[in-house]
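*Asks:* Sharing a structure, written as structure tokens. Questions coming.
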Amino acid sequence: MGTQGEEGDGDQEDGNNFYLYKVTSVWDKDKGRAKKTTQKFLGTITPDGLVEPRHERMEASLNNIAVKEFGATNFLLEANDDIKERLKALYPDTWKELF
């Protein structure tokens, strides 16, 4: 049993599946006790181990994309340089995903 304000992992069972969450506790002064708050879904526990959430697996697979040719891609990047600069100015944090 943890102390108030301590972070940790929690699991919930649904049939044969277990789901792992990051949980913490926050003091509820009205009730005079700690209240568990779920912060993040960490994945599903299977006999083979932890399976990360689908969106995290998708993000990881997107990082492994590589360009196998050069000419056409380079032409398109240079031909649309003005669009890229506008996106950089309007969306400095996400322009790469948009372009």
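*Asks:* Let me cross-check LEU77: its accessible surface, 1.4 Å probe, with only protein heavy atoms counted, in Å² to the nearest 10?
*Replies:* Solvent-accessible area, nearest 10 Å²: 80 Å².
*Asks:* Less than 16 Å apart at the alpha-carbon level, and either on another chain or at least 8 residues along: which lysines does that give for LYS96?
*Replies:* Reachable lysines: LYS84, LYS88.
*Asks:* When all protein chains stay in place, what accessible area (Å², nearest 10, 1.4 Å probe) is found for ARG57?
*Replies:* Number for this one is 100 Å².
*Asks:* Let me ask something additional. What does the convex hull of the Cα atoms come to per residue for the range 29-85, in Å³? Mind showing how you got there, number by number?
*Replies:* Values: hull volume 9.1 nm³, N = 57.
Residue-normalised Cα hull volume stands at 159 Å³.
*Asks:* As an exercise, use a Förster radius of 25 Å and the Cβ-Cβ distance of ASN63 and LYS29 to find the FRET efficiency, rounded to the nearest 0.05.
*Replies:* Working: r = 44 Å, r/R0 = 1.76.
Efficiency computed from Cβ-Cβ geometry: 0.05.
*Asks:* What spacing in nm lies between the two simple spin-label points modelled at ASN80 and TYR19, each 7 Å away from Cα in the Cβ direction?
*Replies:* Computed distance between label sites ASN80 and TYR19 equals 3.7 nm.
*Asks:* Suppose each label sits 7 Å from its Cα in the direction of the beta carbon; what would the TYR91-VAL51 distance come out to in nanometres?
*Replies:* That separation, rounded to one decimal, is 3.1 nm.
The values are calculated or read from the model by the stated rules, or taken from the named source; none is laboratory data. Here the structure is a predicted model, which is why all the values come from computation and not from measurement. Here Cβ is always computed from backbone atoms with ideal geometry, including for glycine, and neighbour counts include all displayed protein chains. The area values use the complete protein model at the heavy-atom level, side chains included, leaving out ligands, DNA and RNA. Shrake-Rupley method; radii C 1.70, N 1.55, O 1.52, S 1.80 Å.
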